[in-house]
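Visitor: I have a structure I would like to understand better, so I am pasting it below and will then ask my questions one at a time.
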Amino acid sequence: MSLYEAPATTTGHLALPTDKTHSRSGSSYSGNYSFINMYDCPSPGSSHAVDPTVESELEELHLTEELNSAKRLGEVAEVDEGDEGDGQGQGQGQGQEADEDSSVKESDTSDSKDGTIVGSDTSGTNAGSQVSATMVGSSSVLSLARNSNISVSTRTSSIPFDPTSSILDISDQAVHDQVLKSNFDRYGFKKPSSEGSNGVSGERYNTWFKDYSRYLERNKKKWQALMKNNGLGEAESRTKPPNRFPPKSDKVKKLIRKGIPAEWRGNAWFFYAGGHEKLNKHTGVYEQIVRDTEGVHNKDTEVIERDLNRTFPDNIYFNKSLETKHLKDSQLNSSAGKEETQSIKSLRRVLVAFAHYQPHIGYCQSLNFLAGLLLLFMREERCFWMLVILTERIIPKVHSANLEGVHIDQGVLMLCIKEYIPQLWGILGKNFEGETLSEDKILTRLPPVTLVTSSWFMSVFVGNLPIETTLRVWDILWYEGSKSIFRISLTICKMCLEDTAFNSRGNVGSGAEIDQIELFQFMQNYPKTIIDPNILIDNCFKKIGGYGFGSLSQDEINKCREFVGKQRARLTSKKQSVMKAEMSDEERRALQSSGFDGEIHDVYGFHRSIMSGVAWNKNISNRMKKKWKK
Amino acid sequence: MSEAAERFAQFKLVLLGESAVGKSSIVHRFVKNTFDNMRESTIGAAFLTQSVHLAESNTTVKFEIWDTAGQERYKSLAPMYYRNANAALCVYDITSRSSFSKAQDWIKELKKQAPEGIVICLVGNKVDLKDEREVDEQEVAEYVEELNQEQSSAGAPAGKVILAECSAKSGDGVLETFNVIARALPVEDAVGGARNRQLRNKRSSGVDLSRGRQQQQSQAASSCC
Ligand SMILES: Nc1nc2c(ncn2[C@@H]2O[C@H](COP(=O)(O)OP(=O)(O)OP(=O)(O)O)[C@@H](O)[C@H]2O)c(=O)[nH]1
Ligand SMILES: [Mg+2]
């Protein structure tokens, strides 16, 4: 199926991610672009949201599940050799739903009193069902339009469920060179124009890009070899992105950490996150919700509407005006700049449907960025289920109405920093009066730096890290689960600490006071400069500088989450019962700001001994200590 | 300017208000003098700094700006934002009634929870969109007047709400607003420029002096929310 089999209603050529030196209005362009359309085309004229292949996918799944349970019997648990041998459930699990994060119970609408995050992982036993390597899903079709005059075509709203997106195939030298010249990167994001708080300059981008594209080429070959070794049709992977991937293993994990080829990303994320299972269990559900929610107006849709145009305004697939901006002399009519792109329309449907499907979450700002990034790589139905998987299983409650999950995860992150990067804690962990916060206070009065780090969790680094770096983290996230967010966050913190600019600001070790705001600004802007993903990933997993965070286990994170969640819930209920009493504003303020909290702490003092179940990984702590002794 | 007389003061300013009223846009106009028609929504918070110089008192006032996310559910983070804040900008969009009542809610909350000496400024943004105005200037003025009268009859010190309008897009009124706030802050009490930086950054020095008395006793026990 090629692009040109798209329905006759096909109109509107999505902007070529290039600057105005490339005319996009058809015939004048004769470059050697290859565009990869990662999405299948729904049957023309059909108003159906659902991929016609879903049913066959479903059948396949049943078949393969049987096949796999038979296979599993003979399986040997894998060892996580890439890590520091903590041996506690680091991706050994092969089952899709049986991976570590499935031990996190789905959150519900009730409040968090009892801490619904429970338990440890199943240490690699394949308890769950497995979406197998033999699953055939034809829901992704790659279309190559070599030597074409028209770059990418988008469908009109008559086929609303397939926002076309493309990722430039930079293995083609001509395309590669065009990306270098262009103001836009291969995903359609505007390259930064000047050095500053918003990251890096276009020039620096290009220098990096030249090197990195060679890396990508080598990496793609490794992937192709892996696929071949797993009997996953080489031919298929040459012409279109594969829809099935090898089962989880150490080898695969290593390669995932090296990065998934961009044109395969959407399918690989979906596969390893357990998307096929989710989708097959809910055939037609998305379509139904979209129908039910059409034209709905409520608090959520109001906020969604305000956020649509504030989602990737620097990306051509989301911002029509970028297209016209560099196409001044095109024949397009002048209203083009005001139209919504297909991606914006998809984004609206996905977010509205999600708010409807997960009423205890509704719409939370930051979901727009998560959905937006997914939409660059997959069609909207899949995007929808990926959001569901993320919020149910990977980072539950982070987007809930009271954001309690964010607070809990920040508490966990702060405890980790205190334990594993004590030098940084010495700086971050201080309150405004220079007093270092103790464990008890971390949990209830999060240090203000968590205002910076919470967005790392809510947006899973979208907008915090440069795009390519974000994508590499996402490769790992969908495969390895939420511990990846903690590992990467700690790595960023560590890199901050080691940066000379930070050192000069922070006066590490000198005991001097630091301007908190400068510290926050630094922590906020620093990640945007990590343009080379390999530096971040290697720092995390390869122990650059003597230590990394690859051995921080999901089990440790889960136990810590449970601990923090429980303590916070206890404090909250205690606080509420005290505050319920009738008192004047004056009294309340006095109570709050005086001994009130201290009192609570005395009652519920979180002493180390109480942190039951939290076992720090001494391996990391000791390495840290060694390193900083020098 | 005479060196001996030049003074320096640093204050924490927090922006509050409904999503999309233009908080980040105002900050960017103030800090970088730029405006983007499409700015990404703020997740969590954003930190920036900018200084203004007050010629009449030869004082440089440095604002630590805490730009916040506007959606309702981020309110659980609010106490962290305005803890230790010296000034708060409650922003509404003059073309949206609901954003005005949201700003009123913020003022209520600040009066209840925030440090006592906090300077509150109620700002109507997007005045470039005059034709779409939904919030009447007169009405806002009356609301503020009433508020300030209550304040003084309750015998509370200072704490008058400042009223302003601006457009981040055109730039009208933005710098003026920050200047008015700077003047309302107790710079007189703040640490002089000759003092060393370290001292200034210690919250217990420069900023302590700039805030009301009562809330100080809390500090040892509570750093943030
Ligand atoms: N016409 C006009 N539009 C404005 C003005 N200020 C902001 N806007 C627009 O209003 C929208 C929202 O502005 P933001 O600065 O992102 O709003 P915010 O208050 O920071 O929103 P959150 O980050 O979601 O809390 C953007 O599309 C701006 O371009 C203004 O003065 N005039
Ligand atoms: Mg904002």
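Visitor: So if I take the centroid of the Cα atoms in the range A:440-479 and the same for the range B:60-96, what is the distance between those two points in Å?
Guide: 21
Visitor: Quick one: which of A:181/A:221; A:430/B:12; B:32/B:102; A:220/A:345; A:251/A:542 span more than 22 angstrom between C-alpha atoms?
Guide: A:181/A:221; B:32/B:102; A:220/A:345
Visitor: On to the next question. Roughly what would the spin-label model give for residue B:37 and residue A:281, points 7 Å off Cα along C-beta, in nm?
Guide: Distance between label points: 4.5 nm.
Visitor: Which whole-angstrom value gives the distance between the alpha carbon centres of the range B:157-179 and the range A:372-388?
Guide: Their Cα centres are 42 Å away from one another.
Visitor: In addition: Can you put B:72, A:392 in order of accessible area, largest first, using a 1.4 Å probe?
Guide: Descending order: B:72, A:392.
The values are calculated or read from the model by the stated rules, or taken from the named source; none is laboratory data. Computed from a prediction, not measured in an experiment: that's the story for all the values here. All Cβ positions, glycine included, derive from the backbone under ideal geometry; neighbour counts span all protein chains shown. Note: areas computed on protein heavy atoms with side chains; ligands, DNA, RNA excluded. Shrake-Rupley method; radii C 1.70, N 1.55, O 1.52, S 1.80 Å.
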